[in-house]
1. Report the residues of the stretch 311-352 in range of a label on residue 177: point 7 Å along Cα→C-beta, backbone N strictly under 20 Å from it.
2. How many times 2.2 N^0.38 Å is the alpha carbon radius of gyration of the chain?
3. Mind ranking 51-59, 17-25 by how tightly packed they are, going by the mean number of other C-beta atoms within 10 angstrom, highest first?
4. Helix 227-239 versus the longest principal axis of the chain: what is the Cα-based angle in degrees, 0 to 90, to the nearest 10?
5. Using label points projected 7 Å from each Cα along Cα→Cβ, tell me how many nm separate residue 332 and residue 213, to one decimal.
6. Treating the angle as unsigned and between 0 and 90°, give the value, to the nearest 10°, between the Cα long axis of helix 331-348 and the longest Cα principal axis of the chain.
7. Please list, in order, the residues from the stretch 4-40 whose amide nitrogen is less than 20 Å from a point placed 7 Å along the Cα→Cβ vector of residue 51.
8. I'd like the distance separating the alpha-carbon centroids of the stretch 183-223 and the stretch 1-77, in whole Å.
């Protein structure tokens, strides 16, 4: 049985990250390919979602300051009792440099780096002229990113192959029986509701521009709420009391079954983020057949099937309102998007299929190594 070890880059994963790509990709190596998988992380909060990953070995280690984590990773590897066929790394973090160096000097396995890329760190932080990043770029056997535009950009910038492995869903989370009949007149956004990076005020302003013409439609904002958003919504309620039934600030929903129901009932997923790599919420919206309307985040070309979504320039309220109004007035468009985005999700965004692609790349790497 092949072994895979996944190392947390920043001491401790949050509970919610257990159900994101940093853990779900290693987990799919176990469920789909039969790997013996261990995910190593410290723990700063209760891992209530662990029961949704039956069979996963989560090695919970003592916490330590972030500045000591890189050394701890090397110590952990020195004490590791098994062979490691695949070392799985998440994100281009400097903390990985010493452990990659040690792995290359003492192990014969391969390294997968799922880059979790976004344009901000690609341009401003990850400098291939710095020795630690140059080493990671050159010595990780497989590097993948989540969007086609970033893939092409990184391949040119780093002068090496970059694979396209998008964020997606486990097979078990794709409901084949889901019907468009469950859909309601709901627009949904899931994530931090804030005035900064997520740009929630723009989302609310766009809805305010259309809600009186489409009084049967609701906007559901789900996720942690910044005080500025709470105050903004309170002021709207004060001026327009009737909007309490249309503009809904729901806060975090930690029950994943309940959250999935919100996606299932929504017809439109709307994102106004100013800075975003590859949000997992997009994959959740796609598998539930939502029409996707998004700002031009880093992976915007990959966020919906053709004719099943639209994009707009960052911060462009007029463009957003125009495209939102069009979507709300075209029920057939939304109905078609249900099938189109679910088909796209099933074809391109299933983690079990994606780890098979990783395996083909690993097999090629191993064959090349033997020939050398």
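1. From the stretch 311-352, the list is 339, 342-343, 346.
2. 1.04
3. Top to bottom by mean Cβ count within 10 Å: 17-25, 51-59.
4. For 227-239 against the chain, the angle is about 10 degrees.
5. 2.0 nm
6. Once rounded, one gets 10 degrees.
7. 14-20, 24, by backbone N distance to the label point.
8. Using only Cα atoms to place each centre, the spacing works out to 34 Å.
Every number in this text was worked out from the coordinates using simple rules, so none of it is lab data. Since we're looking at a predicted model, the values are computed, not measured. All Cβ positions, glycine included, derive from the backbone under ideal geometry; neighbour counts span all protein chains shown.
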